[in-house]
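Enquirer: Below is a structure I'd like to ask you about.
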Amino acid sequence: MNVTVNGESRDLPAGATVASVVELLEVAPGARGVAVAVDGEVVSRTRWPETELRDGSLVEVVSAIGGG
Amino acid sequence: MDDTLRIAGRELSSRLILGTGGFANHELLARACRAAEAELCTVALRRLDPAARGSILDVLEEVGVQVLPNTAGCYTARDAVTTARLAREAFATDWIKLEVIGDDRTLLPDAVELVAAAEELVDDGFVVLPYTTDDPVLARRLQDAGCAAVMPLGSPIGSGMGICNPYNLSIIIEHAEVPVILDAGVGTASDAALAMELGCDAVLCASAISRAHDAVAMARAIRLGVQAGRLARGAGRIPRRRYAQASTPETGMPAFDAQGVSQ
């Protein structure tokens, strides 16, 4: 299925979860300061492994940078 | 004497909040943060970059400051609310510096979207610190919506023009029941001192420090400016007068010729 992750189109196996996408981005397990939204809704970290993505899902994985 | 700054029940002894935007590197940020003696620093949220080296959170933790996430870059209430929720999730804090911008050249707030976002976030249990204009009516709206502070700009973000309308800022301060934090436009130490002399409770400063020729020296200067302004405010300044008021008594003047015999 096709999922957009941080603005880039990615081919993922059916049933891919938020956790697998975060892993794709080389985020260390337990890394601080990371959050995810799927289709504009925040998915809390505890739900990453069980939240399955669908074809066309828009995933945003964000972290802190200097700003403001 | 207790001069602690209290925002939403949290106590801070530093009245300089450091924005982390614009620093050339993390090492400079850490040194400037120490020189500023800030206790609270803002961070922004952006797409995770796997190639980025080092986490700003590690830098701030090492310095020993608390993180204030912001919604920098958001143009709609919806985006700002989602960003705030992401920040709460990422940093385990209910505090959010709310920025909702209406124009990409001036970076001035969009008042309508700002108030909408503030109301929704307050409802959702956030401690909202909104970046706003120097409009006293808007500031009161944000306060009435339940914001924990109001953060009026002195002039546009990064412009270094200081406080363009001290009269409006004074009016905001006079009527505020929550802390007033000058946010945006500080260019140098005297701007920060003026803000505190006018009665601001704190100053948030980013570009004036991060983009100064010597960021660490400027951090120290602005810290001292904030402290000086606060002290001056508490000392009770003399009023402004159009005419002179002699500081030396007129009686007892010696006469130096026959004409000028003193009475």
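Enquirer: Could you work out what % of the accessible surface of chain B is carbon and sulfur, using a 1.4 angstrom probe and leaving DNA, RNA and ligands out of the count? Numbers along the way, then the final one.
Expert: Details: 6640 of 13340 Å².
It is 50 percent, rounded to a whole number.
Enquirer: Work out the mean other chain Cβ neighbour count within 10 Å for the residues of A:43-53 and drop it here as an integer. List each step's numbers first, then the result.
Expert: Numbers: counts 2, 3, 2, 0, 0, 0, 0, 0, 0, 0, 0.
Mean shielding count: 1.
Enquirer: A further question on this structure: When Cβ neighbours within 10 Å are restricted to other protein chains, what is their mean count per residue of peptide B:39-46? Each step should come with its number before you reach the end.
Expert: Working: counts 0, 0, 2, 4, 7, 6, 10, 8.
Mean number of neighbouring Cβ atoms from other chains: 5.
Enquirer: What whole-number value in Å² describes the accessible area per residue of region B:38-131 for a 1.4 Å probe? Intermediate results must be reported in sequence, preceding the final value.
Expert: Values: 3900 Å² over 94 residues.
Heavy-atom accessible area per residue stands at 41 Å².
Enquirer: Which residues in region A:43-68 have a backbone N closer than 18 Å to a point placed 7 Å from the Cα of A:Ala14 along the Cα-to-Cβ line?
Expert: Of the residues in region A:43-68, A:51-57 have backbone N under 18 Å from the label point off A:Ala14.
Enquirer: By per-residue mean of other Cβ atoms within 10 Å, what is the highest-first order of B:41-54, B:176-189?
Expert: Packing proxy ranking, top to bottom: B:176-189, B:41-54.
Enquirer: What is the calculated FRET efficiency for B:Met253 to B:Thr4, with r their C-beta to C-beta distance and R₀ = 51 Å, to the nearest 0.05? Please report the intermediate quantities before stating the final value.
Expert: Details: r = 50 Å, r/R0 = 0.97.
Computed FRET efficiency for B:Met253 and B:Thr4 comes out at 0.55.
Enquirer: Against the longest alpha carbon principal axis of chain B, how many degrees, from 0 to 90 and to the nearest 10, is the axis of helix B:26-36 turned?
Expert: Once rounded, one gets 40 degrees.
Enquirer: Using label points projected 7 Å from each Cα along Cα→Cβ, tell me how many nm separate B:Val112 and B:Arg242, to one decimal.
Expert: 4.4
Enquirer: Here's something else I'd like to know. 7 Å from Cα along Cα→Cβ at both B:Gln66 and A:Arg54: what's the point-to-point distance in nm?
Expert: 4.1
Enquirer: Then there is this: For the protein assembly as shown, rounded, prolate or oblate, judged on the Cα gyration tensor with a ≥ b ≥ c (square roots of eigenvalues), a/c < 1.5 rounded, else prolate if a/b > b/c?
Expert: Prolate.
Enquirer: Would you mind giving the total buried accessible surface between chains B and A, with a 1.4 Å probe and ligands, DNA and RNA left out, rounded to the nearest 100 Å²? Mind showing how you got there, number by number?
Expert: On the way: alone 14340 and 4510 Å², together 16770 Å².
Rounded to the nearest hundred, the buried surface is 2100 Å².
Enquirer: Here's a follow-up. What does the convex hull of the alpha-carbon atoms of chain B project to on average, in nm²?
Expert: On the way: hull surface 75.5 nm².
Here the figure is 18.9 nm², rounded to one decimal.
Enquirer: Given axes a ≥ b ≥ c from the Cα gyration tensor, I'd like to know whether region B:104-211 is rounded (a/c under 1.5), prolate (a/b larger than b/c) or oblate. Walk me through the intermediate numbers first.
Expert: Working: a/c = 1.85, a/b = 1.44, b/c = 1.28.
Note, shape of region B:104-211 comes out prolate.
Enquirer: Is the shape of region B:1-136 best called rounded, prolate or oblate, per the rule: a/c under 1.5 gives rounded, else a/b larger than b/c gives prolate, else oblate, with a ≥ b ≥ c the square roots of the Cα gyration tensor eigenvalues? If you can, show how the numbers build up before the last one.
Expert: Details: a/c = 1.61, a/b = 1.22, b/c = 1.32.
Oblate is the answer for region B:1-136, as a/c is 1.5 or above yet b/c matches or exceeds a/b.
Enquirer: Another question, if that's okay. Nearest 5 is fine: what % of DSSP beta bridges in the protein assembly as shown come out antiparallel, could you say?
Expert: Values: 22 of 44 bridges.
Of those bridges, close to 50 percent are antiparallel.
Enquirer: Within 10 Å of each Cβ in peptide A:26-36, how many partner chain Cβ atoms are there on average? Round it to a whole number, please.
Expert: 5
Enquirer: Could the peptides A:42-55, B:88-101 be put in order, highest first, of the mean number of other beta-carbon atoms found within 10 Å of their residues? Before the final figure, lay out the partial values.
Expert: Details: A:42-55: 14.9, B:88-101: 22.1.
Averaged packing, sorted descending, gives the order B:88-101, A:42-55.
Enquirer: Starting with the highest mean, order B:129-136, B:217-224 by the number of other Cβ atoms within 10 Å, averaged over the residues of each peptide. Kindly include the intermediate steps, with their values, before the conclusion.
Expert: Details: B:129-136: 24.2, B:217-224: 21.1.
Result, highest mean Cβ count within 10 Å first: B:129-136, B:217-224.
The values are calculated or read from the model by the stated rules, or taken from the named source; none is laboratory data. No experiment lies behind these values; they were computed from the predicted model shown. Glycine also receives a Cβ, built like all others from the backbone with ideal geometry; neighbour counts cover every protein chain displayed. The area values use the complete protein model at the heavy-atom level, side chains included, leaving out ligands, DNA and RNA. Shrake-Rupley method; radii C 1.70, N 1.55, O 1.52, S 1.80 Å.
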